[in-house]
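Bear in mind these aren't lab numbers, they're just calculated from the coordinates by the rules spelled out. Fair warning: this is a prediction, and the values are worked out from it, not measured in the lab. Cβ: placed from backbone, ideal geometry, glycine included. Neighbour counts: every protein chain shown.
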Number of protein chains: 2
Amino acid sequence: MRQIVAEDLEYLAVGAAILGTGGGGDPFIGKLMAQQAIVEEGPVTLLDPEELDDDALVLPTAMMGAPTVMIEKVPEGMEAVRALRAAERRLGQKADATCPIECGGVNSQIPFVVAARARIPVVDGDGMGRAFPELQMETFHVYGLSGTPAVVADERGAIVTLETPDNVQLEWLARGVTIRMGGHSHLVDYPMSGADFKRTAVRGTVSMAMAIGKAVVTAASRGVNPIEAICEATQDTLYGRAIPLFEGKVVDVERRTREGFAVGRAVIHGLGRYRGSELVIRFQNENLVAVQDGEVIASVPDLISVLDHETGFAITTERIRYGQRVTVLGLPTPEIMRTEAALRVWGPRAFGYDIEFVPLERRFRDYYQRYGVPNEKQKYLTA
Amino acid sequence: MRQIVAEDLEYLAVGAAILGTGGGGDPFIGKLMAQQAIVEEGPVTLLDPEELDDDALVLPTAMMGAPTVMIEKVPEGMEAVRALRAAERRLGQKADATCPIECGGVNSQIPFVVAARARIPVVDGDGMGRAFPELQMETFHVYGLSGTPAVVADERGAIVTLETPDNVQLEWLARGVTIRMGGHSHLVDYPMSGADFKRTAVRGTVSMAMAIGKAVVTAASRGVNPIEAICEATQDTLYGRAIPLFEGKVVDVERRTREGFAVGRAVIHGLGRYRGSELVIRFQNENLVAVQDGEVIASVPDLISVLDHETGFAITTERIRYGQRVTVLGLPTPEIMRTEAALRVWGPRAFGYDIEFVPLERRFRDYYQRYGVPNEKQKYLTA
């Protein structure tokens, strides 16, 4: 248990943008909303999952829709709280805690808005351990929880409560409602018990995002390279150490909007020890696959983040452009994201790439033999 | 109070198709569903509005979406009952009765499905007194009721509960959900008290539709002209007597589907005493305006129905076609549909026609002086 103050949310924003792997939305407005809520209501308690009662009610909260819309249609601030209240009313029970559904991008912040306003804690964990575009792409779905009753709310006071036995239909209906609410909304889904959270969530992602963000932000004052700082900050986590995959200059970007997604690819020409080599990153909101000189070197659900070479700050797929000097970082995803059931939902094939998922620890065994991996990932170091 | 049996629903289907003024959907599948429910569960009580307690809870029930879809995606049968149960749960109160939101077309039947299954009565009245395409086109909206909490349900078990202070947004969101449910859904909206029903509903429309239908169906065996039978059946109602406007042959139909509506016009060349004259009917799902030789002779919210000349059965705007021999009937709408507030929602201008609404009783004063009008319509007979 720890108390989260406004400054922590600065770090969370920077770290969550890196876990956003190019997507998840710029956390800036979400951060301002959460900081204002904390300034007005006081600090928020961040609970370790083990501190949560098994029969506690956890209501995950998030924003849904196009983050680009949020910049012009600014949230009113209480949407997610109204969604929480409507879900409580439907369930006949008060929420004991909230949590992110995705800890990448803007959705790392929304639970802090809700937690401050409703005076409940945030549990340290989420349903993706990164960012993904759809509501069924959550560990909560993969491990058998119902996404509903779910609630979608807008800034004008509309509240839509969805119930369906099919989590894919939940995504379909909630997306339709969100579009008709003007392109973005606030959301409660996958209401669950504390026991369910412990069984299905990716743990520790909120505090890890804060630690990554703090490492980046304070790197310059500590005289540390920010990329190196990220690698160190991830060393002792569930994920395992981040690995620099490539360095270079963005020489080409193709991007188009298809069915509400930013789909495209970025081409990076190598610099330094990567000179003469080319990396292509394919994305759909998030970076999905990295291909070096024709060979796949990383893919979903492992995290592929494009960072500013100087500052270590994440560059989203909307903002990547010609001439940027970047470092591409890989971050192995936790094992809960790599089961057969999980890969069916968000492995490369779920996004239309006919390739096997190969974990970063196996592809870059030398690196991980040098630095070590979490216990449950030891299997990747042997042949 | 009277008991409605399966045979009454035959009459209701025929009469409601006439009140549907070309739209509202073919009642056939709705009728089968309602008849099956009555055969299995027993007759349904039809309550006069005055028999309803002021503090009773009335939950109107309906189908939403394209009736054309319903023919291929047949309802499972309990959708509207699930919607009713969800609304009851949200309101914390059991429904004492249901009613139609529109008594034209298929939606005249849905409340009988619900009433039989849930063992509650149907109240004799509705929110349109005819058919209209959108949820805010209800007297319940015009006279200040909230459309929500509303519930939309599909045949797969999905339940969507909508709450918004804005009835136009209710239409927008419910339409979006309905589209994503595959094109049609079942609905509860405008939950209201008995007192609200008495204040805002168009009364007696269910029994009137049955009377019209019975008059048409039994005309041949009684040796009566079916058109004449309709005129007689409407004589002593809130509407006033129907008036034959035109007879002829359909010579041209233009129809296209725009934003989910069937939009177009039908051209009818006169026969008999109308020989040498031409009637153009413009429609958007429902018949909106009738223009004889360049002069408007009838418009919304008065009812314009195109009937088979021989049988008196209604011809919908999807089925009207070259060569049909038709009689066009006008039916004056009740006064509750003609207030300034009401005409803003469904007068000719609400559908894009820059014309004044002129009541049929004023336009055809001779006819109505001959046959008489309801008391509250006496004003139209004086100059």
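Computed quantities for the displayed model
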| read-out | value |
| --- | --- |
| Copy-to-copy label separations for A:D55, where each label sits 7 Å from Cα toward Cβ, in nm and ascending | 3.6 |
| Copy-to-copy label separations for B:V224, where each label sits 7 Å from Cα toward Cβ, in nm and ascending | 9.3 |
| Normalised per residue, the volume of the convex hull around the Cα set of region A:91-172 (Å³) | 118 |
| Residue-averaged beta-carbon neighbours from other chains (10 angstrom radius) around A:152-163 | 6 |
| Where the Cα pairs of region B:2-203 fall when distances are cut into 10 Å bins, in % | 10, 41, 40, 8, 0 |
| Neighbour count of at most 11 Cβ within 10 Å plus DSSP loop: longest GluC sites (Glu not before Pro)-free window in chain A | A:1-258 |
| Förster radius 60 Å - calculated FRET efficiency between B:R325 and A:E76 (Cβ-Cβ, nearest 0.05) | 0.50 |
| Nonlocal Lys pairs with alpha-carbon distance under 24 Å, chain A (8 or more apart, or different chains) | 5 |
| Given charges at beta-carbon only (K, R positive; D, E negative), |dipole| of region B:260-364 in Debye | 200 |
| Calculated label separations, A:G272, copies of the chain, 7 Å along the beta-carbon direction, nm | 9.2 |
| Förster radius 35 Å - calculated FRET efficiency between B:R273 and B:T339 (Cβ-Cβ, nearest 0.05) | 0.50 |
| Dimensionless Rg/Rh of the protein assembly as shown - Kirkwood Rh, Rg from C-alpha atoms | 1.10 |
| Theoretical FRET efficiency, 1/(1+(r/R0)^6), r = Cβ-Cβ of A:D55 and A:E376, R0 22 Å, to 0.05 | 0.20 |
| With at most 13 other Cβ atoms within 10 Å, longest stretch of chain A clear of loop trypsin sites (Lys or Arg not before Pro) (DSSP) | A:157-274 |
| Inter-label distance, nm, simple model (7 Å from Cα along the C-beta direction), B:R156/B:R256 | 3.2 |
| Spherically averaged projected area in nm², based on the convex hull that wraps the Cα atoms of chain B | 17.6 |
